[in-house]
Amino acid sequence: MKTLLKTIFYFAVSSASVFGMYGFSNDWMDFLTDNNHLRARTDQLGFVLGNGTVKGTLGFKADTGYFGNIMSYINGGKLSLDATVSLGLAYTSDIISAGLGYNYTYIDSSLDVHTPVFMINAMNDSLRICIPFQIADAKDNSDYSAFSTTSEIRYYTGVDSINAVRLYINYGKNSYNANSASSFGLELRFYFLPTTINSVWINPFIKVLYYSSLDAKGKDVINKNTDTLVNIQSYDRILYTSHNANEVNEVYESNPYILRITPALSLYADSDIVSLYFEPSIGYKIIYDGKKSSKLDHALTWGAYSEVRIYPLKDLEWYFEMGVNSSNNPIPVNFRSATGINWYLPQL
């Protein structure tokens, strides 16, 4: 039991970067266990409030990448919403907890995404399930419909050999009358052998990921990278064209896919006024773009993620996060950071 409680605590700290105002993916995973707080960050704004049994949330998150922006003016003064709006309600108890969330995301003038989310926790929060449903709403093209989900299941085992397991399930489909594009993916994470050395908590883990297109085979090659084709989202608007035997267009000989294996390490240390979380990783990746003329691409992947929390007052937290990792884009390195405050509030 002691091992289980420590594991849940440390994972709560390491995943707190998404526990604020919830995005349109599996960010809602931690809503059922979050404490009352007010959050103001470069990418999030909102609150969680409740009385220990019933809680609610309302806020914004920069899912579209516009840090610091909630709304802006574009195209001659037209108003654009640059952040996902989230609201949710939950019932919590030791035996079972359940919640419902909703996100509205403005993609552009022709597309919105509505995301209802279902969450459930059981076994004193040892088992957690989060299922979001991204549903595209095309404003100017009734021909387009789309759905995607990035569902997550977590289980904290309470034993040291494998102290936690996570399963991510991705599915997406973009549909037009003429054709459709779909993908499916799984990611499995095993956390094992946690230990403490000189007050530093250490937990190794390994990630195994497989993403694949489902229906590209036999269709004409389109101008989309493999990462997009194997992980289709409701807002991608991907359209394959069926191959015409009288044309010389290149076709997909097989469905594109990505296989990745990544060992990583969780490191956590704290004191009365500061806490630090650091997560380095290095892995191996196989990419196949499905084209007849192509071979398997083999790549080394790497990444580093860190969080720093400073507590100038008991219930006030200054937060900074930073992540850097390798990329398959023309820019070989991706960098992301965010900062802000959390003000923890008493129960109502």
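Any residue that is modelled with pLDDT under 95 and in a strand (DSSP E or B) - is there at least one of those in segment 177-195? Scanning segment 177-195 turns up at least one residue that is modelled with pLDDT under 95 and in a strand (DSSP E or B). Assess whether Thr64 counts as being at pLDDT 85 or above, hydroxyl-bearing (Ser, Thr, Tyr) and within 26 Å of Ser306 (Cα to Cα). In short, no. Select, from Leu313, Leu267, the only residue that is modelled with pLDDT of 95 or more and not polar (S, T, N, Q). Only one candidate passes the filter, namely Leu267.
With touching a residue at least 40 places away in the same chain (Cβ under 8 Å), out of contact with any strand residue (DSSP E or B) (no Cβ under 6 Å at 6 or more places or on another chain) and not hydroxyl-bearing (Ser, Thr, Tyr) as the only criterion, which of Leu229, Leu265, Leu239 stands out? Of Leu229, Leu265, Leu239, the one residue that is touching a residue at least 40 places away in the same chain (Cβ under 8 Å), out of contact with any strand residue (DSSP E or B) (no Cβ under 6 Å at 6 or more places or on another chain) and not hydroxyl-bearing (Ser, Thr, Tyr) is Leu239. Give the residue, chosen from Gly290, Gly283, that is on the phi > 0 side of the Ramachandran plot and not hydrophobic (A, V, I, L, M, F, W, C). From the options Gly290, Gly283, the qualifying one is Gly290. Residue check: is Gly172 in contact with a Ser or Thr (Cβ under 7 Å, 6 or more places away or on another chain), in contact (Cβ under 8 Å) with a residue 60 or more places away in the chain and assigned to a loop (DSSP other than H, G, I, E, B)? Taking the combined requirement at face value, the residue does not satisfy it.
Residues of segment 137-168 being under 20 Å from Tyr211 (Cα atoms) and either loosely packed, with under 15 Cβ neighbours inside 10 Å or among the hydrophobic types (A, V, I, L, M, F, W, C) (or both), which ones? Ala146, Phe147, Ile153, Val165, Leu167 - these are the residues of segment 137-168 that are under 20 Å from Tyr211 (Cα atoms) and either loosely packed, with under 15 Cβ neighbours inside 10 Å or among the hydrophobic types (A, V, I, L, M, F, W, C) (or both).
Do we have any residue at all in segment 202-210 that's at negative phi and modelled with pLDDT under 95? No - not one qualifying residue is present in segment 202-210. Consider Gly52 carefully, then state whether it is in contact with a strand residue (DSSP E or B) (Cβ under 6 Å, 6 or more places away or on another chain) and modelled with pLDDT under 90. No; evaluated as a whole, the condition is false for this residue. The set of residues from segment 195-220 being in contact (Cβ under 8 Å) with a residue 60 or more places away in the chain and crowded, with 20+ Cβ neighbours inside 10 Å comprises Trp201, Asn203, Phe205, Ser213, Ala216.
The values are calculated or read from the model by the stated rules, or taken from the named source; none is laboratory data. Small disclaimer: the values here were computed from a predicted structure and weren't measured. When we count neighbours, we look across all protein chains shown, and the Cβ atoms used for this are built from the backbone with ideal geometry, even at glycine.
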